[in-house]
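Visitor: Before I ask anything, let me first share the structure, which is written out below as structure tokens.
The values are calculated or read from the model by the stated rules, or taken from the named source; none is laboratory data. What you are looking at is a predicted structure, and each value in this text was computed from that prediction instead of being measured. No Cβ is skipped: glycine too gets one built from the backbone with ideal geometry, and neighbour counts run over all protein chains shown.
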Amino acid sequence: MQPVDLAAVADDFDREIAVTPAIDRFCSSSAWILAAATTLMPPRAPFSFRGEHGFFAAARGVHPAGFPYIEPIELAWGLAAPMIGRDPEALAAEVVPLLAARRDWQLAILAGMAGDGPQRKALEAALPPRWERRRGTPTVRHVASLDGGIDGYLSRRSRDLRKSVRKNLRAATQAGITFESVRVPQSEAESLYARIQDAEERSWKAGEGVGISAGAMRAFYGAMLPRICALGQQRTIFARHAGRDIGYILGAVFQDEYRGLQFSYDDDHSQFGLGGLLQYQQIVELCAEGIARYDLGTEMDYKRRWAEDIMETEMLVLVR
């Protein structure tokens, strides 16, 4: 395997992502990890390689205690998989000798792999027995099937959720609230983000400092948006009332799966359940587009009502 600048080969990298089994594809893709590297993670040295059977995507740092380590390019949530390639066994046969031959790390953190998934099994089989292996806390995402269109999706939700959505939809329609779907090219990503931020600033999230209106999270999505616009992955819907935006939902499509990213709404219109209505409108459009799955992201209580399945990955820590 040879060192590689992932930003320079991002399209090739994403093509390998598309054929890699059993990973969180969008959150392992270039749009997610490269944005995270520049906005959420501390300064580190590159540690990414390309071989005959795929990529090993990581970064190298030095702990304050003095020992060198390898970790995922994105470790803010630990969603990105490091081993990217169609054949996990063949890729592991390239990655493990690479790691064994290098003397510039003592600890390796590998995230984004299912505990019983093909990458993890291939890696475990190839690792030297003398390396200590530790398991980290699992990371859970909630995932919903969009099979059967919007009717099929709603049939898998609780009666209370269906009733709530229909009630809020009627009330919003009567109040003159509309929904606008927006897709833009890369050249308009900056103006789209300004519009998103204008809506974000009027939400409770901004008031409590937990949204994307400031700091590293604002920078993260600002860095990601041009890439997902350029690739045609970006999906945004705005809720509008009296000529202005009162809410938005932002996500991205990778192949046949949609990854929810952020949504917020104006506190002055909270009585309409805009968070749920924005999700509903997005699902309606995704179903019409033929998208098969909706990844709502990492564990939060409300997401359980909107999904019926989970995807779980865990961290593997290697010490030598």
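Visitor: Considering (1) farther than 23 Å from A171 by Cβ; (2) in contact (Cβ under 8 Å) with a residue 24 or more places away in the chain; (3) not assigned by TED's automatic domain parsing to the domain that holds D245, say which one W306 fails and leave the rest.
Guide: Only one criterion in (1) farther than 23 Å from A171 by Cβ; (2) in contact (Cβ under 8 Å) with a residue 24 or more places away in the chain; (3) not assigned by TED's automatic domain parsing to the domain that holds D245 is unmet by W306, namely (1).
Visitor: Inspect the stretch 52-73 for any residue being out of contact with any strand residue (DSSP E or B) (no Cβ under 9 Å at 6 or more places or on another chain), crowded, with 16+ Cβ neighbours inside 10 Å, outside any helix (DSSP H, G or I) and hydrophobic (A, V, I, L, M, F, W, C) and give the result as yes or no.
Guide: No, there is no match, as no residue in the stretch 52-73 is out of contact with any strand residue (DSSP E or B) (no Cβ under 9 Å at 6 or more places or on another chain), crowded, with 16+ Cβ neighbours inside 10 Å, outside any helix (DSSP H, G or I) and hydrophobic (A, V, I, L, M, F, W, C).
Visitor: Any residue at all in the stretch 154-176 that's of a type in the set (S, T, Y) and under 20 Å from the mean Cα position of the chain (by Cα)?
Guide: There is no residue in the stretch 154-176 that is of a type in the set (S, T, Y) and under 20 Å from the mean Cα position of the chain (by Cα).
Visitor: Any residue that is within 21 Å of T39 (Cβ to Cβ), part of a strand (DSSP E or B) and more than 17 Å from the chain's Cα centre (by Cα) - is there at least one of those in the stretch 234-256? Walk me through how you get there before you give the answer.
Guide: Residues of the stretch 234-256 within 21 Å of T39 (Cβ to Cβ): 234, 236, 248, 250-252, 254.
Filter once more, keeping what is part of a strand (DSSP E or B): 234, 236, 248, 250-252, 254.
If we keep only those that are more than 17 Å from the chain's Cα centre (by Cα) too, we end up with 248.
Looking through the stretch 234-256, at least one residue is within 21 Å of T39 (Cβ to Cβ), part of a strand (DSSP E or B) and more than 17 Å from the chain's Cα centre (by Cα).
Visitor: Among the residues of the stretch 74-122, write down those that are aliphatic (A, V, I, L, M) and part of a strand (DSSP E or B).
Guide: Of everything in the stretch 74-122, those that are aliphatic (A, V, I, L, M) and part of a strand (DSSP E or B) turn out to be M83, I84, L107, A108, I109, L110, A111, M113.
Visitor: Could I ask something else about it? Within the set of pairs 6+ apart or on separate chains, which have a first residue in the stretch 200-211 that is surrounded by 12 or more Cβ atoms within 10 Å (Cβ to Cβ), a second that is among the hydrophobic types (A, V, I, L, M, F, W, C), and C-beta atoms under 7 Å apart?
Guide: What qualifies is E200/A206; E200/I212.
Visitor: What number of residues in the stretch 135-175 are under 30 Å from L123 (Cβ atoms) and small (G, A, S)?
Guide: 3
Visitor: With (1) without any contact (Cβ under 8 Å) to a residue 60 or more places away in the chain; (2) surrounded by 23 or more Cβ atoms within 10 Å (Cβ to Cβ); (3) over 25 Å from V140 (Cα atoms) as the list, and Q234 as the residue in question, which single condition is left unmet?
Guide: (3)
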